[in-house]
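Accompanying notes for the structure given below.
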């Protein structure tokens, strides 16, 4: 009885070897000719991914196939990215510069209006800096070519020394 089971196992070994050869040939065909992925091949053949990887790596065509797949993937990626950027809709940023300008204009009109506290000559000159230039004495003077109303200061003395309580021995320019 022992001899029968031994001969039975010996008979099955060539069958298993043939099946393994068929599996190897089928794996190599699927990988190199049909260009399937190793996970897909493992599912078709009914083996593990590691076994398929081992068979593929042992073949001499492996390096050529890697280069081929690399080229194909780069071409596919390039076309994908071109299509993606053609159809990609970027989110719009809200442009609030107009609202900022309106808020600044409102603040300036409050400062310049007669209803609120009077604005100093220096604050007016600072707000309208393009109207004024500095003369040889260091004072701000309005450009002579401009015609302005009587309320607009024509010159602003920047050299007035005003003592302060905080710094008794120092003088500070008033603005």
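Here, each number is a calculation from the coordinates, and none is a lab measurement. It should be emphasised that the depicted structure is a prediction, and the values quoted were computed from it without experimental measurement. Cβ sites come from the backbone with ideal geometry, for glycine too, and all protein chains shown count toward neighbours.
Some values worked out for this structure:
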| quantity | calculated |
| --- | --- |
| FRET efficiency, 1/(1 + (r/R0)^6) with R0 41 Å, evaluated for residue 70 and residue 101 via beta carbons | 0.15 |
| Cβ crowding within 10 Å averaged over residues, with 36-42, 141-147 ranked highest first | 36-42, 141-147 |
| Approximate spin-label separation residue 90-residue 54, in nm, with each point projected 7 Å along Cα-to-Cβ | 5.2 |
| For peptides 91-100, 128-137, sequence by mean Cβ density within 10 Å, most packed first | 128-137, 91-100 |
| Per-residue Cβ neighbour rank within 10 angstrom, fewest leading, 72, 55 | 72, 55 |
| Two-site label geometry, residue 122 and residue 77: point separation in nm, points 7 Å out along Cα→Cβ | 6.3 |
